[in-house]
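Report on one structure; see the data block that follows.
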Protein chains: 4
Amino acid sequence: DAPLVLIAGPCQLEGLDHALAIAEPLQAACSAEGLGFIFKASFDKANRTSAGAVRGPGLEEGLAMLAGVKARLGVPVLTDIHLPEQAAPVAEVVDVLQVPAFLSRQTDLLQAAGRTGRAVNIKKGQFLAPWDMAQAAQKVAATGNEAILLTERGTSFGYNALVADMRALPIMAETGYPVIMDATHAVQMPGGQGSASGGDRRMAPALARAAVSLGIAGVFLETHPDPDNAPSDGPNMIRLEDMPALIGDLAAFDRLAKARPFRLG
Amino acid sequence: DAPLVLIAGPCQLEGLDHALAIAEPLQAACSAEGLGFIFKASFDKANRTSAGAVRGPGLEEGLAMLAGVKARLGVPVLTDIHLPEQAAPVAEVVDVLQVPAFLSRQTDLLQAAGRTGRAVNIKKGQFLAPWDMAQAAQKVAATGNEAILLTERGTSFGYNALVADMRALPIMAETGYPVIMDATHAVQMPGGQGSASGGDRRMAPALARAAVSLGIAGVFLETHPDPDNAPSDGPNMIRLEDMPALIGDLAAFDRLAKARPFRLG
Amino acid sequence: DAPLVLIAGPCQLEGLDHALAIAEPLQAACSAEGLGFIFKASFDKANRTSAGAVRGPGLEEGLAMLAGVKARLGVPVLTDIHLPEQAAPVAEVVDVLQVPAFLSRQTDLLQAAGRTGRAVNIKKGQFLAPWDMAQAAQKVAATGNEAILLTERGTSFGYNALVADMRALPIMAETGYPVIMDATHAVQMPGGQGSASGGDRRMAPALARAAVSLGIAGVFLETHPDPDNAPSDGPNMIRLEDMPALIGDLAAFDRLAKARPFRLG
Amino acid sequence: DAPLVLIAGPCQLEGLDHALAIAEPLQAACSAEGLGFIFKASFDKANRTSAGAVRGPGLEEGLAMLAGVKARLGVPVLTDIHLPEQAAPVAEVVDVLQVPAFLSRQTDLLQAAGRTGRAVNIKKGQFLAPWDMAQAAQKVAATGNEAILLTERGTSFGYNALVADMRALPIMAETGYPVIMDATHAVQMPGGQGSASGGDRRMAPALARAAVSLGIAGVFLETHPDPDNAPSDGPNMIRLEDMPALIGDLAAFDRLAKARPFRLG
């Protein structure tokens, strides 16, 4: 079992310098702990709660920024796509294409991502059971691409709330694909602030640590130097200055979990 | 308050004759009761549980069938779109563009639908609260199109299950837009049969009747002459032969509900 | 199918005059519409959110008040019990013993209530499925008492929230026992105000009307002349002055529903 | 932070020899790992799904067995009570009185338990939010007894299902009372087998490990030498032969978690 991979970055791209200022300390902290690192940021927030919300730099500028991060730091990058036609151009730059949770049942999007040959990270829809993800993965695998990641990011739990079910991690792992815990989206309160989503970032480290103790492949965390002034997902992003300690923590639990592998009986 | 409108038809298009054989008796039954009628059918099931499932005839053939129904029977038609570029061609034929529940937060899709000037029916995502739909509607309204319908179709309730919250109907009605109850999707058990969704069609008339008693604008029901052999949504579609009695029932409750209008205090 | 029965009264007993001032107009309104009426009030709120909350007059004084209502108005009365030993003394006065939702699985309490020979109204636990209630009813029926009522009062739906599933009504009716909709508890937000439960009384008439349209046996509503100053359940109780119009409304829907009986197919 | 305490034993008492045969290897395994151990078993299952189900030996015989375990092995014992009058006699023998989840809002029961001066373990109701437990604890604390434990055992999640929210653990810990994870009840499927509750024991070790990684005070696990033939809770109890390995596992995670204490930011 390989060491934990951290997938982390800001919710949306705000510029190359901004991206580098986030990616560099994350890369350093992961490297110090022997963890893998993939930089994550979105070029377009295509499903904001409100029509008036900031959506990001768009495909072309966004890819240029991601290419810049990759070139300067030599780290793999991940971004999410929303339409089938975005798959090919995005795959020219990024290493992992991500299918958003709301879109995790859209066959054409999953297959467009699969056909690029790049790794595909499918977020589990808030409306799906963990065992339903085998079918989503199969849609990608049907394109001949088996580089699939499955990510838990919380399940609908009443209105404007999510719950992260730790059972989802070993259940999804039974597919044989690497499983990721998205600990910052799982603490979202979707639409919980009327025209924006709320969240409780204090809870994200708890979910990350609990998930890592089960020996998962990776953790997904959104982080920002100034979450309260970030254009999106501020309430649930972790302060960048808190990340090195959290990474150290997760690395310690990952070493123990990998030494005592957890399998469903 | 206008009489109830029935939006009904098979889950997916299976041919013009098949569509007509369903639309004709529905039109006759609605007309006999003084109800409106909109024929509904999908040309592409873009988010089936399984990659191998039948998806339908596709855009071009599907629109030809819908145009045929419209020409022969003079009834308005509704279909759902999955990508922004489908909005314009679909709007050339259909009267109501429907945005699927999983896609009810996709800004570009909502706005592409809105820009056609056709009526837009937004299904409430299984992951959304009823009050969240004001934001979805606003995305369409921002295009200058106020011909918006909001449809309840059930909310995630644990794994592989939905619940229909009757409170959602008066809450969504406070937006001022007409509210529809989709009674057959609300009894789905999503993914509940492993590689397909289950459902319990016996419950759909209960949800329809309860919703109509609140004075809503319309009811959405999928129906099929032989649901158990339909290509999709068989477990929750109502047998076509049972529709006239159900329509008579709903019409009686609609007349009483419109005579005693329900408003939140 | 007999006309609808209204089970209504204040959450807790506050005195005989107070009880009469509530019961009289309810009795008059039900009588004018041909509906049955059972006066409901609690002598002890044994499971308040907070230890410091007002609990009511207690068993002895409470029974005296209920006996007074019965004697003066000639209406049947209902109250809830919390311990097996309360069943016998309460049964000397009240016509219907109610088992609270939290206690709906407590075998000894159900059987003590059953052994009195009085009617037993079992509220469905917020943690139970409608089909689970057949087992609760059987615990009472095992005492030889078949005078059982089953009441829906909402199901847990995330934290501090409930949802009323209309499907529960015909499902519970399949047991053959009369089914009641408790429309004011179903709009509670349990614990939602920190040291007290919240609620939204505006929604209770919607749930009552939707439920009555399915042809149920009765509706349960808590009401108070001044809900905002009531000792408990203020946020969800209906203003007494609003009850006659609501009763007229429900009677109209009941007549239609009984003329068009609803059965699961 | 003290080492983890294991609270474990069979769901119901089946005899002194049976109890000893379970308690001895658990005591040995905990001792070898430096963990605390409290033997748990019930003398009466007062809320079985079905009236016909086996309930246990009853108060008098049950206490004799628990006293026997205590005398022979010198371990503290825990059992649950269902009525206020059981508190005093039970407190003469057992070290920890447990208030069942369904009864976690019953003020009289909580206070009767509190007044014994024994430690009181309150299980969080399946219908309660973690922050609601501060009020339940206060009901006990109002008797002057601060020896309170709070136990997560899963929250209602649709029908016949529970979900264990790891956020509940640090939230409840903010009360200052020790927090326990009941990992075998959290994997129950209440009523999920019609006249009995189902469950998935394979998931219990995952929830236990995840919870222990957050540095909680204790883990609660039901275990049996032959779960499939146990009188209750068979589907979710862990095989006794699997307990020593699980205890070793949890001890390792506990040591790491206590070395890296987790606090909400």
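The values are calculated or read from the model by the stated rules, or taken from the named source; none is laboratory data. Since we're looking at a predicted model, the values are computed, not measured. As a convention, Cβ positions derive from the backbone with ideal geometry for all residues, glycine included, and neighbour counts pool all protein chains shown. For the accessible areas, the whole protein counts, side chains as well, though only heavy atoms, and no ligand, DNA or RNA atoms are used. Shrake-Rupley method; radii C 1.70, N 1.55, O 1.52, S 1.80 Å.
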So, of the residues in the stretch A:133-150 that are in a strand (DSSP E or B) and not β-branched (Val, Ile, Thr), which turns out to be least open to solvent (accessible area, probe 1.4 Å)? A:LEU150
If we scan the stretch D:39-51, do we find a residue that is under 24 Å from C:GLN111 (Cβ atoms), open to solvent by 20 Å² or more (accessible area, probe 1.4 Å) and of a type in the set (Lys, Arg)? yes
Options D:ARG118, D:ARG153, D:ARG105; residue that is touching a helix residue (DSSP H, G or I) at 6+ places or on another chain (Cβ under 8 Å), more than 20 Å from D:ILE7 (Cα to Cα), open to solvent by 10 Å² or more (accessible area, probe 1.4 Å) and of a type in the set (Lys, Arg): D:ARG105
Residue list for the stretch B:181-194, filter: part of a helix (DSSP H, G or I) and within 14 Å of chain A (Cβ to nearest Cβ): B:HIS185, B:ALA186
With the structure loaded, tell me whether B:LEU35 is surrounded by 18 or more Cβ atoms within 10 Å (Cβ to Cβ) and over 18 Å from B:LEU149 (Cβ atoms) or whether it fails that test. no
Among the residues of the stretch A:197-219, is there at least one that is more than 12 Å from chain D (Cβ to nearest Cβ), acidic (Asp, Glu), surrounded by fewer than 20 Cβ atoms within 10 Å (Cβ to Cβ) and not in a strand (DSSP E or B)? no
Within the stretch D:61-71, does at least one residue satisfy the condition of being of a type in the set (A, V, I, L, M), more than 18 Å from C:LEU83 (Cα to Cα) and at the interface with chain C (Cβ under 8 Å from one of its Cβ atoms)? no
Being away from every other protein chain (no Cβ under 12 Å) and either closer than 30 Å to C:HIS82 by Cβ or under 15 Å from the mean Cα position of the chain (by Cα) (or both) is the filter here, so list the residues in the stretch D:19-53 that pass it. D:ALA23, D:LEU26, D:GLY36, D:PHE37, D:ILE38, D:PHE39, D:LYS40, D:ALA41, D:SER42, D:PHE43
For the stretch A:1-31, enumerate the residues that are of a type outside the set (Val, Ile, Thr), at pLDDT 95 or above and under 24 Å from A:LEU214 (Cα atoms). A:ALA2, A:PRO3, A:LEU4, A:LEU6, A:ALA8, A:GLY9, A:LEU26, A:GLN27, A:ALA29, A:CYS30, A:SER31
Residues in the stretch D:68-91 that are more than 16 Å from the chain's Cα centre (by Cα), over 22 Å from D:LEU110 (Cα atoms) and open to solvent by less than 20 Å² (accessible area, probe 1.4 Å) total 2
Would you say B:GLY191 is crowded, with 20+ Cβ neighbours inside 10 Å, modelled with pLDDT under 95 and more than 18 Å from the chain's Cα centre (by Cα)? yes
What is the one condition in (1) in contact with a Lys or Arg (Cβ under 8 Å, 6 or more places away or on another chain); (2) away from chain D (no Cβ under 14 Å) that B:THR155 does not satisfy? (2)
Failed item, numbered, when D:LEU97 is tested on (1) within 13 Å of chain C (Cβ to nearest Cβ); (2) buried (at least 24 other Cβ atoms within 10 Å of the Cβ): (1)
Does any residue in the stretch A:103-117 that is more than 7 Å from every other protein chain (Cβ to nearest Cβ) come within less than 8 Å, Cβ to Cβ, of a residue that is acidic (Asp, Glu) six or more places away or on a different chain, and which pairs are these? A:ALA112/A:GLU85
Filter the stretch C:170-218 down to the residues that are among the hydroxyl-bearing types (Ser, Thr, Tyr) and touching a helix residue (DSSP H, G or I) at 6+ places or on another chain (Cβ under 9 Å), then identify the one that is farthest from C:LYS123 (Cα to Cα). C:SER195
Look at the stretch B:243-265 and say how many of its residues are over 22 Å from B:LEU149 (Cβ atoms) and touching a helix residue (DSSP H, G or I) at 6+ places or on another chain (Cβ under 8 Å). 7
Among the residues of the stretch D:220-237, the number that are away from chain A (no Cβ under 14 Å), under 16 Å from the mean Cα position of the chain (by Cα) and farther than 30 Å from A:LEU246 by Cβ is 5
Matching residues, the stretch D:234-247, being at pLDDT below 95, surrounded by fewer than 23 Cβ atoms within 10 Å (Cβ to Cβ) and not small (Gly, Ala, Ser): D:PRO235
Anything in the stretch C:238-265 that is more than 13 Å from chain B (Cβ to nearest Cβ) and touching a Ser or Thr at 6+ places or on another chain (Cβ under 6 Å)? List them, or say none. C:LEU240
Go over the candidates C:PRO130, C:PRO170, C:PRO178 one by one and state the one that is at pLDDT 95 or above, away from every other protein chain (no Cβ under 12 Å) and either surrounded by fewer than 22 Cβ atoms within 10 Å (Cβ to Cβ) or under 24 Å from B:ASP165 (Cβ atoms) (or both). C:PRO178
Considering residues that are within 20 Å of A:LEU256 (Cβ to Cβ), in a loop (DSSP other than H, G, I, E, B) and of a type in the set (D, E, K, R), the number found within the stretch D:220-262 is 1
For the list (1) open to solvent by 10 Å² or more (accessible area, probe 1.4 Å); (2) within 15 Å of D:LEU26 (Cβ to Cβ); (3) in contact with a helix residue (DSSP H, G or I) (Cβ under 9 Å, 6 or more places away or on another chain), I need the number of the one condition that D:MET65 fails. (2)
